[in-house]
Amino acid sequence: RSKRRGRAQITVYSTEIAQEMKRATQIEQALRNAIISDAVDVHFQPIVRIRDGVVAGFEALARWRDADLGFVSPAVFVPLAEERGFIDALSDTLLRKAAEAALSWPRELFLSFNLSSAQLMDPGTSSNILSTLSHVGLDPRRVELEITETAVMTSADTAHRIISELRAKGVRISLDDFGTGQSSLGRLRDFTFDKVKIDRAFISRITSDRPSEHIVRAIIAMCQGLDLEVVAEGIEEPADVEMLRALGCGMGQGYHYGRPVDGAATLRYLQDHYHDFMAIERI
Ligand code: C2E
Ligand code: MG
Ligand code: MG
Ligand code: MG
């Protein structure tokens, strides 16, 4: 009896797996077409100086809405593109669009762009990125690349080389989602980063949970000692800002300052929030 039930369960699971694989292939096809037809878009979220709330740069975040599938999260389609071997094509399109948008921002603002872990295993990544930037005409010194701890771990030697080639051209490197995943403080000693982004998981509880507050305090102190800039991710409440300001956190990002919005809305954001921005003169 139990044997039969076991078999029935296996059948149910394999049907679910088959359906999931079918959906993944459906997303893959649609995404490949979207890249070709230029339908994948990029939005921008402000990263601000906590001290005075002045915007310092924007993080580019991939956005894709398919006619049949609806909105698909980058947390779904980026890993899929990695698995199915076309992350380079996707990332290239996104970087080109993001860099083009950044050309109409004030020069002192940076563009932050996410690299996937698969890209850090590919020795061609640094020259791909630099050639896209030079093609668009965006100064590499205005660009930051966000990478995760897991990414630098998987293929440390290649990642090392990619990072130093990019840094040699003035690109800055941020460690994204710090404190989660395969955290190792040794990573901060072995690799050359410019910035650390504290994961939203800590910031969202910073005013209600003492351990989170202490962890954030310790990360900020450590980064000051290591001469790394710090960004707090996922700031949603004014109380978070007060706390982070008191802890001496340099930069912040989150819905409190602004949600990710498209290129046109980003320019409007700058007109409203950036006193030196003379967009009108450019038109
Ligand atoms: P991430 O790089 O850690 O990006 C931050 C995520 O947190 C974004 O989600 C952003 O919309 C969200 N977020 C920002 N502020 C808040 C807040 O105050 N509250 C909450 N609840 N969420 C906030 P998104 O856009 O869905 O992106 C998810 C992940 O997908 C990113 O995490 C990144 O790992 C990846 N991703 C997005 N765009 C790209 C891309 O162009 N290339 C690569 N390789 N990965 C990307
Ligand atoms: Mg990021
Ligand atoms: Mg992050
Ligand atoms: Mg994340």
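At-a-glance table
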| item | result |
| --- | --- |
| Count of residues meeting criterion [within 15 Å of ligand 1 (Cβ to nearest atom) and of a type outside the set (Phe, Trp, Tyr)] in region 54-73 | 11 |
| Single residue of region 133-146 satisfying the filter (surrounded by 20 or more Cβ atoms within 10 Å (Cβ to Cβ) and over 17 Å from the mean Cα position of the chain (by Cα)) that is farthest from Phe191 (Cα to Cα) | Leu138 |
| Sole exception among (1) away from ligand 3 (no atom under 16 Å from the Cβ); (2) under 14 Å from the mean Cα position of the chain (by Cα); (3) closer than 24 Å to Asp227 by Cα for Arg189, by number | (2) |
| Some residue of region 182-193 being open to solvent by 10 Å² or more (accessible area, probe 1.4 Å) and of a type in the set (A, V, I, L, M) | yes |
| Residue under evaluation Asp92, criteria (1) buried (at least 18 other Cβ atoms within 10 Å of the Cβ); (2) at pLDDT 95 or above, criterion not met | (1) |
| Region 194-205, subset closer than 27 Å to Gly170 by Cα and within 13 Å of ligand 4 (Cβ to nearest atom), residue surrounded by the fewest Cβ atoms within 10 Å (Cβ to Cβ) | Asp199 |
| Single residue of Thr180, Thr192 found to be hydroxyl-bearing (Ser, Thr, Tyr), on the phi < 0 side of the Ramachandran plot and within 15 Å of ligand 1 (Cβ to nearest atom) | Thr180 |
| Qualifying residue in region 56-70 (condition: under 16 Å from the mean Cα position of the chain (by Cα) and open to solvent by 40 Å² or more (accessible area, probe 1.4 Å)) | yes |
| Residues satisfying the stated conditions in region 147-171, i.e. surrounded by fewer than 21 Cβ atoms within 10 Å (Cβ to Cβ) and within 21 Å of Leu111 (Cβ to Cβ) | Ser164, Glu165, Arg167, Ala168, Lys169, Gly170 |
| Matching entry among Leu115, Leu145, Leu133 (being free of Cβ contacts under 8 Å to residues at least 40 places away in the same chain and away from ligand 4 (no atom under 16 Å from the Cβ)) | Leu133 |
| Test: residue in region 151-170 that is within 12 Å of ligand 1 (Cβ to nearest atom) and at pLDDT below 95 | yes |
| Tally, over region 218-243, of residues that are closer than 20 Å to Pro46 by Cα, within 16 Å of ligand 3 (Cβ to nearest atom) and part of a helix (DSSP H, G or I) | 1 |
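The values are calculated or read from the model by the stated rules, or taken from the named source; none is laboratory data. Remember, predicted model here, so these are calculated numbers, not experimental data. Cβ atoms come from the backbone with ideal geometry, glycine included; neighbour counts cover every protein chain shown. What goes into the accessible areas is simple: the full protein's heavy atoms, side chains included, and nothing from ligands, DNA or RNA. Shrake-Rupley method; radii C 1.70, N 1.55, O 1.52, S 1.80 Å.
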